[in-house]
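What follows is a set of notes on a single structure, which appears directly below.
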Amino acid sequence: VDGNVKRLVSRFIGIKEPIDKPRAHELIRHQASLDIKGVSPAIFNQAIMNFGALVCKPRNPSCNTCPLHLKCYAYQSDLVNVIPAKSKTKANRLRYFHFLVLHYRDKVLVEQRNLKDIWNGLYILPYLETSSGRKPVAKSLTQKLQHDVGYDDFQFHHSSKISSQVLSHQTIHARFHHFMIARKPKPSHKHQCWVNTSALGTLAKPKIIVDWIKQGDVVIPWKTEMKTP
Ligand code: SF4
């Protein structure tokens, strides 16, 4: 149905539901099918489209001179500026995930998501969520590592560049920060486990982690030079 037709019909019969919803579409089609009876469909469509474009305009419709104003629901109810309604579009939320790639021998720590949030049930790496792509401050990293590993005896190795994944209403930016764990970590928390890096591919993971693995950043960099956090 043409946009001019939708606007005119929804104002005339008073459809308050968002115009882009199936229910509103159905009501408009039904009303148009009643009005069209006995009239050539081509002429009817052209006439109503012209009327919508010239009289029942999106802004400042010419209600005072409109021949329909006595029967028009929107005009009589002072809702001309409200109808047709549109669905509210959710703002896109930007989120920054800093995944911690904790290497202990040839293993890394993973955890299964168990939150009412994105990726529920999938396996991800331990992470800190912050408000930017900058590496989290040392204090936050230390606290997180103490929580997950049991001590703060670790060495920073390197960080990846930012990668992104677009979800509905959210854009996820991710960085992967590698740390070397020298001593045996404490038993992992519920929902966490240490897995061999070669077994990472077998776990169900979000696309952003799948892509990161494909890039080959899951290294075992024990013998390479290490840096301080
Ligand atoms: S009265 Fe106003 S809102 Fe109603 S059909 Fe006419 S121009 Fe459109």
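Given the criteria β-branched (V, I, T) and either away from the ligand (no atom under 16 Å from the Cβ) or out of contact with any Lys or Arg (no Cβ under 7 Å at 6 or more places or on another chain) (or both), does V80 qualify? No. Under the condition of being within 20 Å of G14 (Cα to Cα) and either of a type in the set (D, E, K, R) or in a loop (DSSP other than H, G, I, E, B) (or both), the residues counted in segment 29-44 number 3. Among the candidates R93, R113, the residue that is away from the ligand (no atom under 16 Å from the Cβ), surrounded by fewer than 11 Cβ atoms within 10 Å (Cβ to Cβ), more than 21 Å from V9 (Cα to Cα) and modelled with pLDDT of 90 or more is uniquely R93. With a requirement of 1 or more residues that are more than 14 Å from F99 (Cβ to Cβ), the strands (runs of 3 or more DSSP E) lying completely within segment 116-229 that satisfy it span 154-159, 163-167, 170-181, 192-196. Just to be sure, is T130 farther than 27 Å from D20 by Cβ, out of contact with any helix residue (DSSP H, G or I) (no Cβ under 7 Å at 6 or more places or on another chain) and either exposed (fewer than 11 other Cβ atoms within 10 Å of the Cβ) or without any contact (Cβ under 8 Å) to a residue 12 or more places away in the chain (or both)? It is false that T130 is farther than 27 Å from D20 by Cβ, out of contact with any helix residue (DSSP H, G or I) (no Cβ under 7 Å at 6 or more places or on another chain) and either exposed (fewer than 11 other Cβ atoms within 10 Å of the Cβ) or without any contact (Cβ under 8 Å) to a residue 12 or more places away in the chain (or both). The condition (being among the basic types (K, R), near the ligand (Cβ under 10 Å from one of its atoms), out of contact with any Ser or Thr (no Cβ under 9 Å at 6 or more places or on another chain) and touching a residue at least 12 places away in the same chain (Cβ under 8 Å)) is satisfied by just one residue among K86, K71, K57: K71. When C66 is tested against (1) surrounded by 14 or more Cβ atoms within 10 Å (Cβ to Cβ); (2) at pLDDT below 90, just one condition goes unmet, and that condition is (2). No other residue among A53, A47 is in a helix (DSSP H, G or I), surrounded by 14 or more Cβ atoms within 10 Å (Cβ to Cβ) and not polar (S, T, N, Q) apart from A53. Here G201 meets each of (1) without any contact (Cβ under 8 Å) to a residue 24 or more places away in the chain; (2) surrounded by 12 or more Cβ atoms within 10 Å (Cβ to Cβ); (3) under 22 Å from D217 (Cα atoms) with one exception, condition (2). Taking the criterion of being within 30 Å of F154 (Cβ to Cβ) and in contact with a Gly (Cβ under 9 Å, 6 or more places away or on another chain), would at least one residue in segment 78-90 satisfy it? Within segment 78-90, not a single residue is within 30 Å of F154 (Cβ to Cβ) and in contact with a Gly (Cβ under 9 Å, 6 or more places away or on another chain). Filtered by the rule that a residue be within 11 Å of the ligand (Cβ to nearest atom) and either among the aromatic types (F, W, Y) or without any contact (Cβ under 8 Å) to a residue 12 or more places away in the chain (or both), segment 41-54 gives F51, L54.
The values are calculated or read from the model by the stated rules, or taken from the named source; none is laboratory data. A quick note: this is a predicted structure, and the numbers were derived from the prediction, not measured. Cβ atoms come from the backbone with ideal geometry, glycine included; neighbour counts cover every protein chain shown.
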